[in-house]
Amino acid sequence: MSWDVLEYPLILEEISHYTQFSVSRELILNLKPQFKPLWVTRENHRTEEAMDFLRIVGSCPMSGMKDISIALEKASKDITLTIEELMDVAVFGRGLGLAKSYYQKAEIKKEYLSDLFISIQDHPRVSIEIEKCISPSLEMLDSASSTLKSIRQRYRKAISDREVVTQRFMHQNASKLSDTISAIRNDRVVVLVKSSEKNSFGGLIHGESASGLSTYVEPPVLLDLNNKVSLALEEEKEEIFRICKELSQFVKPIADDYLNALETMALIDSYFARARFGEIHDGRVAELKESSSIYFKNARHPLIDPKQVVSNTYHLESSHPVLLITGPNTGGKTVSLKILGLFCLMTYSGIPVLADEAYCPMFDQIFVDIGDDQSIVQSLSTFSAHLSKLATICDQATSQSLVLLDELGGGTDPQEGESLAIAVLDFLKDKGVKVVATTHYSKLKEYALKSNDVLMASVQFDMEAMRPTFKYLEGIAGQSYAFEIAARFNLNPQILEKANQLKIEAKSEQALLQEKLERKMIELKQFEETLQSQQSELESLRNQLTKQEEEFNQTKENRLLKAQDEIDSMIEAAQEEAQTILDEMRAQSKAPMHELIAKKQQIDSKRIKVKEETKLENIEVGDWVKLKSTNQQGQVLQVKKKQVVVNINGIRMEVNQTQLLRGEAPKQQKQVSIKHEAIASVPLECNVIGYRVEEALPIVSRYIDDCLRAKMPFARIIHGHGTGALRQAVHTLLAKQDRIESYRLGGQGEGGVGATVVTFKSQV
């Protein structure tokens, strides 16, 4: 079965350009679809894994690899390899090592490619031995053998001696020479002597110049030196051959392994070429389904320019064994037909298809009758050629086959063609064959509308632009638009009117109504597409607005954070000012405590005022806030538009946001210092009411550390009454602190049993 009409060979041609060496290129060009589920499943999985490799770690390294099969076969037969062949083997071996390393280091799924990579047998020692003797520029190295090194030393000395003797001879006999430059004749150095002086020196004559005025002479003084050079060259040649023979013996035992590896690497490269094709075209591997359903979402023909290709979704359920595509000529019917057949062939070859989603059944064969295949050899007409194919298809197609028929029934009398087409479809349908056919016959449209198991589809035509849209529509019969197109080309209105009248007379009322309904359905479909396009634009605008809103909120948040930083700086400055004033008062006058307290409260009020001037915004659950009226702090439990639910000392309160200020977590609350030289930023008490034991202990521990660093003589921990568990846990923690002098429950005015007063050891 030839699938040339589906452009399958052109797909292979493109994929072959993504291969890395000749063997894999030939493998792709000769790739044939298989109708074996296990084979197809394996091929598709391998291609899919290759696509993962490409996406995550890049291509498999194969640069420099060549088809070395001839060299390997020669080596296996004890035929000495050339320098170039030996180096090709060495490069191939290096490539095998790189490929295995590439596979081993890639941390991705490689279930189906694993057996290929694991089967590769590389022999790095062979490459090492060859590369020790041969340079990348294909020169045998002096180090290849001591004999070769000695020969080349003698050769270079002979060359040097010959050059000295030649220059001396030409200097001494300059008057008899035509030129002061030596020449090479028959691989020997000669001098150019005036023809009149050619017998003056003796030696050997190697011919005359084109003018006849000069003669090439090998003087006696150069005979022995030329012989030495020639001998060294011959010895070098023999030694190089010996080394190549020796290296070829390294290749002989691994020839079979490398032949197998060559096939394996070509196969691996073919999967990566298929994967590369899928990557470039944004394709994916289709899934095989047990049912006869076909689904290609947003399918694009791979040979149409991506800027011009129209994507279509094809969905053929098992309940519709026949798909009939109608529409105007050159409107895209055949393209849709080809896509369905081509995508199935690509799937059966392990090639990704150009679709967003794809699955198809496993057919046992794909039969195609597309285009004018008039046979010159058999002298058949176009219609006869189609009938010949139809006969073969009807005879060989099974319930597991896919049949593609372009312009079924064409090429003959319309009435006979219509009848024949319907009969063929019924015959194939009765056999259970999956059929996709194109037609422009009205009778076939009526046939499809009357058959529940036939799916009608069409391709659209843009009347405004006067060109096909190649848009595929299921469930709608296509129109020819012959009269409309004729009118656009200014055909006489009388002719059009007459033609339309004849059309009406020829068609039944039901057919005319059906045609009118189809036009309305097409208009409705176009309206739906326009609506979807507008909805997409609206969604795009909505996304843009959302993004702009997010950017605005981010900017707003950044400004709030900047303002908060400025406020914190003002608070810090006020605290430093307070501490400075208190220190001065202590140092100068030992002022009474009530004056210190009053001064501290005055400064703290300034700090509170700074905070009150900031507007509460962007409040979230978990934030700490303060009531303006009572200065009580609480934690936000819920935000309801302008109302906020706050937990204040265990009591849930719903408060308007305007009545709240930013608060601080209890561990950050600050109290006025009395009689002590504590750092202003460390409060005299730590309030852990409302915290669980596991939450409170870290807070108390950090607070004690802060007090010690601030050299505070004592502090108070407020833990509340409760069950006593929190109090007990705090006391257990305090008992483990060696820098605490003592601790006790609070007395009157100190919080009673709901608080613990801690006295720290004096610090120097």
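Quick note: the coordinates plus some simple rules give every number you see, no bench work behind them. These figures come from a predicted structure and were not determined experimentally. Ideal geometry is used to build each Cβ from the backbone, glycine not excepted, and the neighbour counts take in all protein chains shown.
If you wrap a convex hull around the Cα atoms of the stretch 145-231, how much volume per residue is inside, in Å³?
Numbers: hull volume 7.3 nm³, N = 87.
Once divided by residue count, the hull of the stretch 145-231 is 83 Å³.
In the stretch 145-231, how many lysine pairs have Cα atoms under 17 Å apart, counting only pairs 8 or more places apart or on different chains? Walk me through the intermediate numbers first.
Numbers: 149/157; 149/228; 157/228; 176/194; 176/198.
Taking the Cα cut-off of 17 Å, the pair count is 5.
Non-local amide H neighbours of residue 685 (under 5 Å, H modeled in plane, Pro and chain starts lacking H): which ones?
671, 716
Near the amide H of residue 663, under 5 Å away, which other amide H atoms are found, from residues 5 or more places off or on another chain, if H is placed in the peptide plane?
Excluding prolines and chain starts, which carry no amide H, the hits are 624, 625, 626.
Summing +1 for each Lys or Arg and -1 for each Asp or Glu, what net charge is found among the other residues whose Cβ lies under 14 Å from the Cβ of residue 136?
On the way: positive: 94, 132; negative: 84, 88, 131, 139.
Result for the neighbourhood of residue 136: -2.
Would you pull out the residues with amide H under 5 Å of residue 434's amide H, same chain only if 5 or more places away, H placed 1.01 Å from N?
401, 403
Ranking request for peptides 360-366, 192-198: highest mean number of other beta-carbon atoms within 10 Å first, then the rest in descending order.
Numbers: 360-366: 19.7, 192-198: 16.1.
Packing order, densest peptide first, comes out as 360-366, 192-198.
Once phi is turned into ³J(HN,Hα) by the Karplus curve 6.51 cos²θ - 1.76 cosθ + 1.60 with θ = phi - 60°, what whole-Hz value does each residue of the stretch 700-712 show in order, with x for glycine and proline?
Per-residue couplings from phi come out as 5, 4, 5, 5, 4, 4, 4, 5, 5, 5, 7, 6, 7 Hz.
All other residues with a Cβ under 13 Å from the Cβ of residue 196 taken together, and with Lys, Arg as +1 and Asp, Glu as -1, what is their net charge? All intermediate terms of the calculation are to be shown ahead of the outcome.
Values: positive: 176, 194, 198; negative: 197, 208.
Once all neighbours under 13 Å are counted, the net charge is +1.
Can you work out the Karplus-derived ³J(HN,Hα) for every residue in the stretch 192-197? Use 6.51 cos²θ - 1.76 cosθ + 1.60 with θ = phi - 60°, whole Hz, and x for glycine or proline.
Taking θ as phi minus 60°, the curve returns 8, 9, 4, 4, 5, 10 Hz for the stretch 192-197.
Are any of the pairs 736/761; 289/434; 297/547; 132/245; 32/307; 443/471 more than 18 Å apart by Cα-Cα distance, and if so, which?
Working: 736/761 14 Å; 289/434 14 Å; 297/547 30 Å; 132/245 15 Å; 32/307 30 Å; 443/471 23 Å.
Long pairs (Cα-Cα over 18 Å): 297/547; 32/307; 443/471.
Where does the charge balance sit around residue 348 when Lys and Arg score +1, Asp and Glu -1, over other residues with C-beta under 10 Å from its C-beta? Don't skip to the end; give the middle numbers.
Working: positive: 32, 36; negative: 43.
After counting each charged neighbour, the total is +1.
Explain nothing, just compute: Karplus ³J(HN,Hα) = 6.51 cos²θ - 1.76 cosθ + 1.60, θ = phi - 60°, for every residue of the stretch 35-42 in order, whole Hz, x for Gly and Pro.
The phi angles translate into 10, 10, x, 5, 4, 4, 4, 4 Hz.
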